[in-house]
1. Among the residues that make up region 246-257, is at least one of them charged (D, E, K, R), crowded, with 19+ Cβ neighbours inside 10 Å and closer than 30 Å to K182 by Cα?
2. Is it true that G239 is open to solvent by 30 Å² or more (accessible area, probe 1.4 Å), touching a residue at least 24 places away in the same chain (Cβ under 8 Å) and under 31 Å from the mean Cα position of the chain (by Cα)?
3. In region 43-54, how many residues are exposed (fewer than 15 other Cβ atoms within 10 Å of the Cβ) and in contact with a Phe, Trp or Tyr (Cβ under 8 Å, 6 or more places away or on another chain)?
4. Within region 193-207, is even one residue within 12 Å of the ligand (Cβ to nearest atom), open to solvent by 20 Å² or more (accessible area, probe 1.4 Å), at pLDDT 95 or above and in contact with a strand residue (DSSP E or B) (Cβ under 7 Å, 6 or more places away or on another chain)?
5. Would you mind listing the strands (runs of 3 or more DSSP E) fully within region 209-325 where at least 1 residues are of a type in the set (S, T, Y) and within 16 Å of the ligand (Cβ to nearest atom)?
6. Looking for something open to solvent by 50 Å² or more (accessible area, probe 1.4 Å), over 33 Å from the mean Cα position of the chain (by Cα) and modelled with pLDDT of 95 or more - is there at least one such residue anywhere in region 224-231?
7. Limited to region 147-158, what total is found for residues that are assigned to a loop (DSSP other than H, G, I, E, B), within 13 Å of the ligand (Cβ to nearest atom) and either closer than 21 Å to H209 by Cα or within 31 Å of the chain's Cα centre (by Cα) (or both)?
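The values are calculated or read from the model by the stated rules, or taken from the named source; none is laboratory data. As the structure is a prediction and not an experimental result, all values here were calculated from the model. We place every Cβ from the backbone using ideal geometry, glycine too, and count neighbours over all the protein chains shown. Note: areas computed on protein heavy atoms with side chains; ligands, DNA, RNA excluded. Shrake-Rupley method; radii C 1.70, N 1.55, O 1.52, S 1.80 Å.
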Amino acid sequence: MSSEKPTTVAAVDAEALEREALAAVARAATADKLDEARVRYLGRRSELKLALREVRDRESGAALNALRDRLEHAVEDKQAELAAAAGAETEPFDPTLPGAEIPRGALHLITQLRRRIEDVFVGMGYEVYDGREVETVWHNFDALNQPEAHPTRDPQDTFYVDDQTLLRTHTSPSQIHAMMAKEPPIYLVSLGRCYRRDPIDPTHTPIFHQVEGLAVDRNITLADLRGTIEQFASAIFGGRRQVRMRTGFFPFTEPSVEFDLTCYMCDGAGCPVCKRSGWIEMGGAGEVDPNVFVNVGYDPEAWQGFAFGLGLDRIAASRHGVPDLRMFWENDIRVLEQF
Ligand code: DAH
């Protein structure tokens, strides 16, 4: 007698076994029956497993492994088929049910504020005018009557692309584009990003947002400006906001004012938001300087106008208690999802 065991592979008729096993799997009408077939053909004591244990040569080993894989797949497919059929029986598919909820983000706080401001002005008959972020020195400074030696022209303060081109430092050049493009009357707001070389700290970011307003018509006075700002501020902040004007200076307006609003938090009584003054500084404004009209080819004797400009970032921050402007840029979901 040989000490070597005779190989049993020969004893397995692989083809017959496969046919038989596949037929049993196909026949199984319930999960239990399928499991019976699985144990019988793939279980630890199945003919196939015993044969695999005995196998000695690579070729028959590979053939038997492949057969095992095919049978396992057949069982899995049948399992899925039975499960689907069972599911369909107990829970018929209802196409009217809402789908799984996909979590939605929200618009950035600055974008929300920007859109609200646009809505308010559109409601007052204003047009929303899209300016450009890359500007010529002429549109950003010269046409706005900014003197040659003005410090904001300094490359220390302004991002220059080349001698004649820069990233706009304010939204005011939108006034120039609009007036060059059409005749009065003009009622527009222009909102968007502005750029200045400010070091980043809690109250400064080199990219920030402004809204520019411009009205050009016959007999436009500072009273119209005051009424417009009051209307806008009441719509944005709620309640009845009052406007306080202080004399100021901007090269593109004459006279120029800086304007404050009664604090939206305390209504003027004094609180931490307005640093106990009752007023919140909002921006600059004035009557359009006749030189600006001349620069765009308007007759300064025939037309008057007011213009104003203010920043969105600080309004958004103080209204919502965001303590640091840098948070608007960090994309921290914990901050953004609150709005
Ligand atoms: N452009 C000014 C700034 O960035 C804001 C401003 C002031 C705009 C007065 C105006 C204005 O239209 O009339 O500080």
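1. Checked region 246-257: no residue is charged (D, E, K, R), crowded, with 19+ Cβ neighbours inside 10 Å and closer than 30 Å to K182 by Cα.
2. yes
3. 0
4. Taking every residue of region 193-207 in turn, at least one turns out to be within 12 Å of the ligand (Cβ to nearest atom), open to solvent by 20 Å² or more (accessible area, probe 1.4 Å), at pLDDT 95 or above and in contact with a strand residue (DSSP E or B) (Cβ under 7 Å, 6 or more places away or on another chain).
5. It comes to 243-250, 253-262.
6. yes
7. So the count comes out to 2.
One line per residue, one yes/no per condition, for (1) open to solvent by 50 Å² or more (accessible area, probe 1.4 Å); (2) closer than 25 Å to A317 by Cα; (3) at pLDDT below 95:
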site: I117; (1), (2), (3): no, yes, no
site: G125; (1), (2), (3): yes, no, no
site: D130; (1), (2), (3): yes, yes, no
site: E135; (1), (2), (3): no, no, no
site: N140; (1), (2), (3): no, no, no
site: L144; (1), (2), (3): no, no, no
site: P151; (1), (2), (3): yes, no, yes
